[in-house]
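Got a structure for you, written out below as structure tokens; questions coming shortly.
The values are calculated or read from the model by the stated rules, or taken from the named source; none is laboratory data. Just so we're clear, the structure is a prediction, and the values are computed from it rather than from any experiment. Ideal geometry is used to build each Cβ from the backbone, glycine not excepted, and the neighbour counts take in all protein chains shown.
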Amino acid sequence: MLPRASSIRTGPFLFPRGSTAPGRWGTLSIMNSLETLLAAGQLAQAKTEAEKLLAKNPAHRDALVVMTKLSLVEGKLPQAEALLAKAEAQGATPETGLVRANIAAQKGQLAAALNAYQAVLALDPNRAEAHFGRGMMLIKQDKAPQALEALTHAVKLQPQQDVFRYRLGQVQLEAGKTEEGLATLREVITRQPRFVPAYLSLSHALSSQEKLVDARRVLEQGLKAVPNQPRLLASVTVLSMALRDLRTSYQAASALAASRPKDADAQANLAQLMLARGQIEQARHLCQTMASLGVSSESLKMAEATCFESQEPPAYDKAIAAYEQGMGISPDGWRAANNLGQLLLRIPAEPANTHLPRAVTVLEEATRRAPERPEPLLNLALAQARLGQEKKAKELVQKVLAMPLAEDTDIYQEATRLSQTLAKA
């Protein structure tokens, strides 16, 4: 699925300005100097220089604009608005207009932001940042044709600004211009080989077309340019698993875990792949190491539980305890509860139904946490059927079959078989 317009975000504009005629807007050299520091990421120095100017002249408009931008970067919206008001009191300029638009956008006031960008363009029709911001606001309002026009114009005005080009590629994909969008993202990668978001967006777009091999090649290309980049590694892991390439998934997961030694998700992902490869002891050691470091998650506890159940003989009591801990770590998570319910259904016991009441209780909790998921519902239906509660079981399995499930999926077929069995009961 391609990213929706609402997922495309804009932040404070710290891009370098486009070319402007000498002397325009007054203290151009000072403004350019401050903006250059911002564009280079030298925020502390930009702040120091702006504060020096304000110490001499508290109404220095250019310094106030820069301080406003820095406040936005720091997430201090009220402070930014107060600073901008002081700058605007001396008259509107394209600089104050861009910041005003950015503040409105951050507050979710799309119409106000769009109006502010258009006001900037009335003052300076060739201001690339204003065309860019206007395009981003238009796509958020589902006005794809106008957004594409604005973003295309921004790229023409500032072809060196690859952020503009990247967003244009995203919006082209959003608007259904798939080939154009793919070409634009590839161009960004060619121009900026270390631009990680472009690799991710291009790979995602190819995946949505079921071109999983091509999508993975893009990520591997990114990892050559930016070795061990966590987001690229995570995406390679997922794609390789989808391609049933356990070896590549394991390599990517290992690299990600090594680069993030205390990241619970990265370590849990590696543990699950170890289990898939039959490396039970390695997975158990990894889980216990993370626990000793105070790193834990629902997924890590689930992997630990699987290790205990895989022992010979199975350590069911420890597996149950691990699942319970996973449920406690993630109060809204349903997977540990669902897996615990499944475990209770398959533990050998005498009499046979010893664990069934508890399985029902746990699976009811799983369905409470995730009523939209078919897995706990189907497991709960199975537990109720084994308890002899055929009516409840039939109601639950019908809920599963009413969900939008593809008929060739395992869960749909299992639900169908259970429904047929209950119908004969």
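Those residues that are over 21 Å from Ser208 (Cβ atoms), in contact with a Ser or Thr (Cβ under 8 Å, 6 or more places away or on another chain), in a helix (DSSP H, G or I) and in contact (Cβ under 8 Å) with a residue 24 or more places away in the chain, I need them from the range 218-265; list them, please.
Within the range 218-265, Pro230, Leu246, Leu256, Ala264, Asp265 meet the criteria.
On the given criteria, is Leu273 more than 30 Å from Arg167 (Cβ to Cβ), surrounded by 14 or more Cβ atoms within 10 Å (Cβ to Cβ) and not aromatic (Phe, Trp, Tyr)?
Criteria met by Leu273.
Same structure, new question: Quick check on my filter: what residues within the range 52-86 are touching a residue at least 24 places away in the same chain (Cβ under 8 Å) and in a helix (DSSP H, G or I)?
Arg61, Asp62, Ala63, Val65, Val66, Thr68, Lys69, Leu70, Leu72, Val73, Leu77, Lys86
Restricted to the range 237-252, and to residues that are farther than 16 Å from Gly222 by Cα and of a type in the set (A, V, I, L, M, F, W, C), which residue is surrounded by the most Cβ atoms within 10 Å (Cβ to Cβ)?
Filtering the range 237-252 for residues that are farther than 16 Å from Gly222 by Cα and of a type in the set (A, V, I, L, M, F, W, C), the one surrounded by the most Cβ atoms within 10 Å (Cβ to Cβ) comes out as Met241.
So that you can scan it fast, the table gives a plain yes or no per residue for (1) modelled with pLDDT under 90; (2) closer than 26 Å to Ile139 by Cα; (3) crowded, with 20+ Cβ neighbours inside 10 Å; (4) among the charged types (D, E, K, R):
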| site | (1), (2), (3), (4) |
| --- | --- |
| Asn32 | yes, no, no, no |
| Glu49 | yes, no, no, yes |
| Arg61 | yes, no, yes, yes |
| Lys69 | yes, yes, yes, yes |
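For the range 311-353, what are the residues that are touching a residue at least 24 places away in the same chain (Cβ under 8 Å) and small (Gly, Ala, Ser)?
Ala319, Gly326, Ser330, Gly333, Ala336, Ala337, Gly341
Do we have any residue at all in the range 371-383 that's surrounded by fewer than 17 Cβ atoms within 10 Å (Cβ to Cβ), under 29 Å from Ala264 (Cα atoms), under 26 Å from the mean Cα position of the chain (by Cα) and not assigned by TED's automatic domain parsing to the domain that holds Lys301?
Yes: the range 371-383 contains one or more residues that are surrounded by fewer than 17 Cβ atoms within 10 Å (Cβ to Cβ), under 29 Å from Ala264 (Cα atoms), under 26 Å from the mean Cα position of the chain (by Cα) and not assigned by TED's automatic domain parsing to the domain that holds Lys301.
Within the range 108-118, is there a residue that is over 27 Å from Thr184 (Cα atoms), more than 32 Å from the chain's Cα centre (by Cα) and among the aliphatic types (A, V, I, L, M)?
no
If you take the residues of the range 390-422 that are over 30 Å from the mean Cα position of the chain (by Cα) and among the small types (Gly, Ala, Ser), which of them is nearest to Arg373 (Cα to Cα)?
Filtering the range 390-422 for residues that are over 30 Å from the mean Cα position of the chain (by Cα) and among the small types (Gly, Ala, Ser), the one nearest to Arg373 (Cα to Cα) comes out as Ala415.
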